[in-house]
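Below is one structure, written out as structure tokens; comments come after it.
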Amino acid sequence: MDVGWRGKIITALGLKHSTAYYHHTQADLDAPLVEQIKRLPKEDKNYGYRRVALALKIGKNRAQRLMRTYGLNPVPSPHQRHYKQHSGIREAPPNLLKVYAIFICRPDFIWACDFTYLWVPQLNRWYYLATVIDLYARDIVGWGLSIHHDAELITTTLYDALSGKSQPAILHFDRGSEYLSEAHMDLLSVLGIRPSASAKGSPWQNGYQERFYGSFKTELGSLKDITSEGELFELIAQTIHYYNNRRIHTALKTNPQTYRQNYNKKKIIGHITLTGVRDKVSKNSGS
């Protein structure tokens, strides 16, 4: 039987015909998913394989293989990370997350805050972005931007968070002098918010913020074309809005805003159910 030119080449190379046809078939099976990954919205181009798997509803191992095989991995963040250790100006409080982290069962119970550096070439200046994240829904509840990383930036960011959300029981942060400043610590005392701090030189103890900034800077992209503070502010606002409302969070299996809304729906349904039970008991008892 004439096996054709492809069969002759396979035979000459000493390959198994079944293996060759398997790879051909696998490539055909991969093609639709590869096209779906390529057609992800512009904002989702920085998804890693876990989020791609959630978005396309496929296994994470399959997503990882496709992205690795076809060169579809996200572009690394263009921002260089900077770390600065601070000695602090007040005694640091204990790390309350070690005690309470496993009991984060509702939004606005524990918040964490931190700031990061952003270099804007055309403005020839560093900017400092401070954020407050809710540890239940993982959404950014407040943020602030300044050319100084000082207590004013930190307190202003906290006020921004408090303007739209309920007050948390605990606020966690690193041992930076900004967070241990008299202005910040006194504000927490007045508000009745318990402070919590990571151990010295242990940024991983504020891992929620660390992971957020890693993703945020990648999605923010290069700042080389930014020519004004207004453009920078707008770009940051858009990226945070995307993170809160569109971007799939692997731990939540959805975006933070939807996760928060789902909690609120369950709370309302639970309240209605409990009220109905109370009314039924009262009716049956004749009271």
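Restricting attention to segment 204-248, the residues that are touching a residue at least 60 places away in the same chain (Cβ under 8 Å), surrounded by fewer than 19 Cβ atoms within 10 Å (Cβ to Cβ) and charged (D, E, K, R) add up to 5.
Return the residues of segment 212-263 that are assigned to a helix (DSSP H, G or I) and among the hydrophobic types (A, V, I, L, M, F, W, C); say none if nothing qualifies.
Those that are assigned to a helix (DSSP H, G or I) and among the hydrophobic types (A, V, I, L, M, F, W, C): 212, 216, 220, 232, 233, 235, 236, 237, 240.
Exactly one condition in (1) assigned to a strand (DSSP E or B); (2) surrounded by fewer than 18 Cβ atoms within 10 Å (Cβ to Cβ) is not met by residue 195; state its number. Condition not satisfied by residue 195: (2). Being modelled with pLDDT of 80 or more, outside the structural domain of residue 194 (by TED's automatic domain parsing), of a type outside the set (D, E, K, R) and surrounded by 12 or more Cβ atoms within 10 Å (Cβ to Cβ) is the requirement here; does residue 85 meet it? Answer is no for this residue.
Looking at segment 166-192 only, could you name the residues that are in a loop (DSSP other than H, G, I, E, B) and within 27 Å of residue 239 (Cβ to Cβ)?
Across segment 166-192, the qualifying residues are 166, 167, 168, 174, 176, 178, 179.
Flag not set for residue 53, criterion: modelled with pLDDT of 80 or more, farther than 30 Å from residue 155 by Cβ and either in contact with a strand residue (DSSP E or B) (Cβ under 7 Å, 6 or more places away or on another chain) or surrounded by fewer than 13 Cβ atoms within 10 Å (Cβ to Cβ) (or both). Scan segment 24-50 for residues that are among the charged types (D, E, K, R), surrounded by 12 or more Cβ atoms within 10 Å (Cβ to Cβ) and modelled with pLDDT under 80 and jot them down. Within segment 24-50, 30, 43, 44, 45 meet the criteria.
Screening segment 96-160 for strands (runs of 3 or more DSSP E) wholly inside it with 2 or more residues that are of a type in the set (D, E, K, R) returns the ranges 125-134. Would you confirm, using the coordinates I've provided, whether residue 187 is touching a helix residue (DSSP H, G or I) at 6+ places or on another chain (Cβ under 8 Å), under 30 Å from residue 250 (Cβ atoms) and modelled with pLDDT under 95? Answer is no for this residue. Pairing residues of segment 134-161 that are assigned by TED's automatic domain parsing to the domain that holds residue 108 with residues that are in a loop (DSSP other than H, G, I, E, B) and β-branched (Val, Ile, Thr), at Cβ distances under 7 Å and at least 6 apart in sequence or on separate chains, gives 135/104; 136/104.
One residue is enough: does segment 110-132 have a residue meeting the conditions of a type outside the set (S, T, N, Q), in the same structural domain as residue 237 (by TED's automatic domain parsing) and farther than 22 Å from residue 239 by Cβ? Within segment 110-132, one or more residues are of a type outside the set (S, T, N, Q), in the same structural domain as residue 237 (by TED's automatic domain parsing) and farther than 22 Å from residue 239 by Cβ.
The values are calculated or read from the model by the stated rules, or taken from the named source; none is laboratory data. Owing to the predicted nature of the structure, the values given are computational and were not obtained by experimental measurement. Heads up, the Cβs are rebuilt from the backbone with ideal geometry, glycines too, and the neighbour counts pull from every protein chain shown.
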